[in-house]
Amino acid sequence: MMTVSGRRPKPFILEYTRFWWDGVAEGRLLIQRCADCGTLRHPPAPSCAACQSLRWDAIESAGIGTVYSFVVSHHPEAPGFEYPLVVLLVELDEGIRLVAGTDLRRDEVAIGDRVRVDWLRDEDGAQLPYFRRLEEEGGR
Ligand SMILES: [Zn+2]
């Protein structure tokens, strides 16, 4: 858990995204799953792109993945964030990709790095997932 100073923008929650934000508040990274064909999807959506089913449930991710890509944002600066801001596109081991922050600096991150989820809390107590380097045998 890392606490940041300042207040982050709060999410706009829809009926089919509420489960994800409820999971985040509990420190659980949930992935929406089609109840008919089993396809995982993120970000949450009302229907399955594979079979168009409206039925879904969710699984809990182990929170481990690989840096698929990343950007380093310098400008414009938004309140509650520190710049330069490294934003990751993480491919979770379950197979879906997730945009999230990280505590890694620009010179510490590379595509292919193994990362694990941790939780970041702002001054309002709002929680968001972010990713830290996964220390494992054979890792960087
Ligand atoms: Zn489906």
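The values are calculated or read from the model by the stated rules, or taken from the named source; none is laboratory data. For clarity, every value in this text was computed on a predicted model and none was experimentally measured. Cβ: placed from backbone, ideal geometry, glycine included. Neighbour counts: every protein chain shown. Heavy atoms of the whole protein, side chains included, go into the accessibility calculation; ligands, DNA and RNA do not. Shrake-Rupley method; radii C 1.70, N 1.55, O 1.52, S 1.80 Å.
A few comments on the model shown:
- Taking N as its residue count, the alpha carbon Rg of the chain over 2.2 N^0.38 Å: 1.09
- Length gained on full extension, L128 to V87: 13.5 nm, using 0.36 nm per residue less the C-alpha separation.
- Amide proton proximity set for R28, modelled H, under 5 Å, gap of 5+: none
- With contacts taken as Cα pairs under 8 Å and at least 6 residues apart, the chain reaches a relative contact order of 26 percent.
- Couplings for segment 79-87, taken from phi via the Karplus curve 6.51 cos²θ - 1.76 cosθ + 1.60 with θ = phi - 60°, read x, x, 10, 9, 10, x, 9, 8, 10 Hz in order; Gly and Pro are left as x.
- Nitroxide proxy distance, nm - points 7 Å out along Cα→Cβ at M2 and A25: 2.4
- Measuring max minus min along each principal axis, the C-alpha atoms of segment 24-88 give extents of 43, 24, 23 Å (largest first).
- Label-point separation, Q52 to R105 (7 Å along Cα→Cβ), nm: 5.2
- Accessible surface of the chain, 1.4 Å probe, proportion on carbon and sulfur as whole %: 51
- Tensor-based shape of segment 91-140 (alpha-carbon gyration tensor, a/c under 1.5 rounded, otherwise prolate or oblate): prolate
- The modelled label-to-label distance between S73 and K10, using points 7 Å beyond Cα along the C-beta direction, is 2.0 nm.
- Note on the chain: dipole from Cβ charges, positive end direction compared against Y130, Y16, G6; the farthest Cα belongs to Y16.
- For segment 29-140, the dipole from Cβ point charges (+1 on Lys and Arg, -1 on Asp and Glu) about the Cα centre works out to 340 debye, to the nearest 20.
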